[in-house]
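Shown next, in structure tokens, is the structure this report addresses.
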Amino acid sequence: DTEVTQTPKHLVMGMTNKKSLKCEQHMGHRAMYWYKQKAKKPPELMFVYSYEKLSINESVPSRFSPECPNSSLLNLHLHALQPEDSALYLCASSQTLTSGSTDTQYFGPGTRLTVL
Amino acid sequence: AQTVTQSQPEMSVQEAETVTLSCTYDTSESDYYLFWYKQPPSRQMILVIRQEAYKQQNATENRFSVNFQKAAKSFSLKISDSQLGDAAMYFCAYRQAGTALIFGKGTTLSVSS
């Protein structure tokens, strides 16, 4: 089973709202990722967690706050977003962050976020 | 820094025909992995095929195969017997130890009957 689940599928929020995106995997993966994807563009890396610790932060604005409560769960907390933050937010996981034959990242279906 | 280049923004193919999507990359590393991902309009990013750089043999998954030329830093995807369900955006991606995927800009493939 290579399933990564994300909730909600769609989210509409105002610029003053606080909301959270959720990602879950039960493959025993110890690396989890958040990407932002605009239409017809490749995903842009935001954050990487390795063994529940933040390993990579691609200079993302503080209005995005990631959290990894346990090895299966990854959250992205959103606050005071701007309209330009509207995008598809993808979660992914892999066995580890380091090299190996199990280095494949598996993606969730994404959350379509609209900021009004 | 590593880069991935897909020089074909759009490609088209007829059903049952064969199409090849191009990808080149730049790296000074010797140990890395290359991937092709497919993203249909429904948006789920799906792994199509992967290649370990240390393997000389080209990877194959059913109708999908790659032509991996390590010296030329080229990694093309061949889709045989194209089907309507193959229509999607295809991303070539690179990964090395300790990093996340680096994506190319993508190639939109349309399939006509």
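Net charge around B:Gly85, counting only other residues with Cβ within less than 13 Å of its Cβ (Lys, Arg = +1; Asp, Glu = -1)?
-1
Might you tell me the accessible area per residue for the protein assembly as shown, computed with a 1.4 Å probe and given in Å²?
Accessible area per residue, the protein assembly as shown: 48 Å².
What list of whole percents do you get for P(r) of chain A, with Cα-Cα distances grouped in 10 Å bins up to the one holding the largest distance?
15, 49, 30, 6, 0
Taking every pair of alpha-carbon atoms in chain B, what share in percent sits in each 5 Å bin, from 0 to the bin with the longest distance?
Pair shares across the bins are 2, 12, 24, 25, 19, 10, 5, 1, 0.
Suppose every K and R has +1 on its Cβ and every D and E has -1 on its Cβ; what is the size of the dipole of region A:41-103 about the Cα centre, in Debye to the nearest 20?
Using Cβ point charges on Lys, Arg, Asp and Glu, region A:41-103 gives about 40 debye.
Taking a Cβ-Cβ separation under 4.7 Å as the criterion for a possible partner, which cysteines of chain A have none?
When partners are defined as cysteine Cβ atoms under 4.7 Å apart, chain A leaves A:Cys68 without one.
In debye to the nearest 20, how big a dipole does the protein assembly as shown give about its Cα centre with +1 on each Lys and Arg Cβ and -1 on each Asp and Glu Cβ?
460
Starting from the Cα coordinates of the protein assembly as shown, work out the convex hull volume and express it per residue in Å³.
121
Could you put B:Asp31, A:Asp85 in order of accessible surface area, largest first, with the 1.4 Å probe and the full protein assembly present?
Ranked list, largest accessible area first: B:Asp31, A:Asp85.
Please identify every one of the trypsin sites (Lys or Arg not before Pro) in region A:6-36 that sits in a loop by DSSP and has no more than 10 other beta carbons within 10 Å of its own beta carbon.
A:Lys9
Note down the net charge around A:Thr16, summing +1 for each Lys or Arg and -1 for each Asp or Glu among other residues with Cβ under 15 Å from its Cβ.
Computed value for this residue: +2.
Leaving out ligands, DNA and RNA but keeping every protein chain, what accessible area does A:Phe47 have, in Å² rounded to the nearest 10, with a 1.4 Å probe?
0
Can you tell me the dipole magnitude for chain A around its Cα centre, using point charges on the Cβ only (Lys, Arg +1; Asp, Glu -1), in Debye to the nearest 20?
Its charge dipole is roughly 380 debye.
Counting only protein heavy atoms, what percent of the accessible surface of the protein assembly as shown is carbon or sulfur at a 1.4 Å probe?
47
The values are calculated or read from the model by the stated rules, or taken from the named source; none is laboratory data. On a predicted model such as this, the values are computed, not experimentally measured, just so you know. Neighbour counts run over all protein chains shown; Cβ positions are idealised from the backbone, glycine included. For accessibility, only protein heavy atoms count, side chains too; no ligands or nucleic acids. Shrake-Rupley method; radii C 1.70, N 1.55, O 1.52, S 1.80 Å.
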